[in-house]
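Q: Sharing a structure, written as structure tokens. Questions coming.
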Amino acid sequence: MTQKRRTLIATMVAASFAVALPMSAMAQKKIVLGFSQIGAESEWRTANTNSIKETAAKEGIDLKFSDAQQKQENQIKALRSFIAQKVDVIAFAPVVESGWDTVLKEIKAAKIPVILTDRSVDSKDTSLYVTFMGSDFTEEGRKAGRWLLEKVKNTKGDVNVVELQGTVGSGPAIDRKKGFEEIIKSEPRIKIIRSQTGDFTRAKGKEVMEAFLKAEGKKINVLYAHNDDMAIGAIQAIEEAGLKPVKDITIISVDAVKGAFEAMIAGKMDVSVECSPLLGPQLMAAVKDLVAGKTLPRRIVTQEGIFPMEVAAKEFPNRKY
Ligand code: GYE
């Protein structure tokens, strides 16, 4: 073979590779992600689901999405079905903190990596999951508490708080209570006179606030709700009882979803502590990194702020959820 011919063949082979490579890349198997969502209990959750679905589609990840309707048993079933389907990665937002060890061990035995998103688990064996990405709920509770301390610092007399807790046993309910209490204990005038779960929904928030109003009436000075949906339900109850939110009862809430901004602009909510549901991009990035064999940080914390009603109208156009 002449030198010239050899070079020609070499060039042809190289050229055919150049064409063949992107085609084989295209034919490459898509990453399959099993995601078990808690439910659709709040505006926050809907935004979270949308963020996850949209980003998976954009990143070309095959998402197996399952809605547990706020029941742990449904989540456990979904996780087991992801094992059976041999997905590449499992991610889930655990509705409550406890009771996951058995299923997490099954997943580990199947060698499927687990990412916790939004809420965490209380498993002692931290090798059962790779990372936990989401907010610092205790800090959110502290932010709510600090806002209240500042609000009452030049006033006199008791500050009677009623608290609407999130889902019993869930990370955000436990930690938002803890963080708030940690801060308000420095001011003995602030007292939580009633505290009950409203399960993070508007309907329950309204129902429980009605009961609080019946029992305590005008004694109530402040409502601390663990999410905006419950606060919005409670605002309805307050108005129906002939009282004025903000004026008669200070309303403090968490999430800072659009509904809260609308309430603040309407003068019916004092403040909402931000909790971002837009976890899709960081989740999909983590899934890709995992499949590529990279090591993830054990904890990925979402950065967030706090929005009092005075800034609501100005901030509203910038809100994405
Ligand atoms: O605050 C609430 C939702 O886990 C952070 O769940 C989430 C909480 C959020 O239902 O609105």
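Q: Where in region 270-321 are there strands (runs of 3 or more DSSP E), lying wholly inside it, with at least 2 residues that are closer than 30 Å to LYS29 by Cα?
A: Strands (runs of 3 or more DSSP E) meeting the threshold: 299-301.
Q: Checking the structure you have, find out if any residue of region 122-131 is outside the structural domain of LYS218 (by TED's automatic domain parsing) and among the aromatic types (Phe, Trp, Tyr).
A: So in region 122-131, the residues outside the structural domain of LYS218 (by TED's automatic domain parsing) come out as 122-131.
Within this subset, residues satisfying the condition of being among the aromatic types (Phe, Trp, Tyr) are 129.
Scanning region 122-131 turns up at least one residue that is outside the structural domain of LYS218 (by TED's automatic domain parsing) and among the aromatic types (Phe, Trp, Tyr).
Q: Just name the residue that is surrounded by the fewest Cβ atoms within 10 Å (Cβ to Cβ) out of those in region 35-66 that are more than 16 Å from the ligand (Cβ to nearest atom), without any contact (Cβ under 8 Å) to a residue 60 or more places away in the chain and not in a helix (DSSP H, G or I).
A: GLY60
Q: Looking at ALA237, ALA215 in this structure, which one is free of Cβ contacts under 8 Å to residues at least 60 places away in the same chain, farther than 26 Å from ARG45 by Cα and either within 16 Å of the ligand (Cβ to nearest atom) or hydrophobic (A, V, I, L, M, F, W, C) (or both)?
A: On the way: ALA237 fails: farther than 26 Å from ARG45 by Cα.
Just a single option satisfies the conditions, and that option is ALA215.
Q: Working carefully through the options VAL159, VAL121, VAL168, find the one that is hydrophobic (A, V, I, L, M, F, W, C) and out of contact with any Ser or Thr (no Cβ under 8 Å at 6 or more places or on another chain).
A: The conditions single out VAL159.
Q: On the basis of being on the phi > 0 side of the Ramachandran plot, within 16 Å of the ligand (Cβ to nearest atom), surrounded by fewer than 17 Cβ atoms within 10 Å (Cβ to Cβ) and not aromatic (Phe, Trp, Tyr), does GLY169 make the cut? Write out each step before concluding.
A: On the way: on the phi > 0 side of the Ramachandran plot: yes; within 16 Å of the ligand (Cβ to nearest atom): yes; surrounded by fewer than 17 Cβ atoms within 10 Å (Cβ to Cβ): yes; not aromatic (Phe, Trp, Tyr): yes.
Considered against the rule, which asks whether it is on the phi > 0 side of the Ramachandran plot, within 16 Å of the ligand (Cβ to nearest atom), surrounded by fewer than 17 Cβ atoms within 10 Å (Cβ to Cβ) and not aromatic (Phe, Trp, Tyr), GLY169 comes out as yes.
Q: Say we look at region 254-269 and pick out the residues that are assigned to a loop (DSSP other than H, G, I, E, B) and in contact (Cβ under 8 Å) with a residue 12 or more places away in the chain; which of these is surrounded by the most Cβ atoms within 10 Å (Cβ to Cβ)?
A: Applying the filter and picking the extreme gives MET269.
Q: Something else: Which numbered condition trips up ASP122, out of (1) surrounded by 15 or more Cβ atoms within 10 Å (Cβ to Cβ); (2) farther than 16 Å from SER36 by Cα; (3) within 16 Å of the ligand (Cβ to nearest atom)?
A: (1)
Q: Might you check whether a residue that is out of contact with any strand residue (DSSP E or B) (no Cβ under 9 Å at 6 or more places or on another chain) and assigned by TED's automatic domain parsing to the domain that holds LEU149 occurs anywhere in region 266-273?
A: yes
Listed here are the residues, each with its yes/no results for (1) more than 16 Å from the ligand (Cβ to nearest atom); (2) free of Cβ contacts under 8 Å to residues at least 12 places away in the same chain.
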{"residue": "ALA68", "(1), (2)": "no, no"}
{"residue": "LYS77", "(1), (2)": "yes, yes"}
{"residue": "LYS86", "(1), (2)": "yes, no"}
{"residue": "ALA110", "(1), (2)": "yes, no"}
{"residue": "VAL130", "(1), (2)": "yes, no"}
{"residue": "MET133", "(1), (2)": "no, no"}
{"residue": "GLY141", "(1), (2)": "no, no"}
{"residue": "ARG146", "(1), (2)": "yes, no"}
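Q: Here is a follow-up. Can you find a residue in region 193-210 that is more than 16 Å from the ligand (Cβ to nearest atom), touching a Lys or Arg at 6+ places or on another chain (Cβ under 8 Å) and closer than 24 Å to LYS71 by Cα?
A: Looking through region 193-210, at least one residue is more than 16 Å from the ligand (Cβ to nearest atom), touching a Lys or Arg at 6+ places or on another chain (Cβ under 8 Å) and closer than 24 Å to LYS71 by Cα.
The values are calculated or read from the model by the stated rules, or taken from the named source; none is laboratory data. All figures in this text were calculated on a predicted structure; none of them were measured in a lab. In this analysis, Cβ positions are derived from the backbone assuming ideal geometry, glycine residues included, and neighbour counts consider all displayed protein chains.
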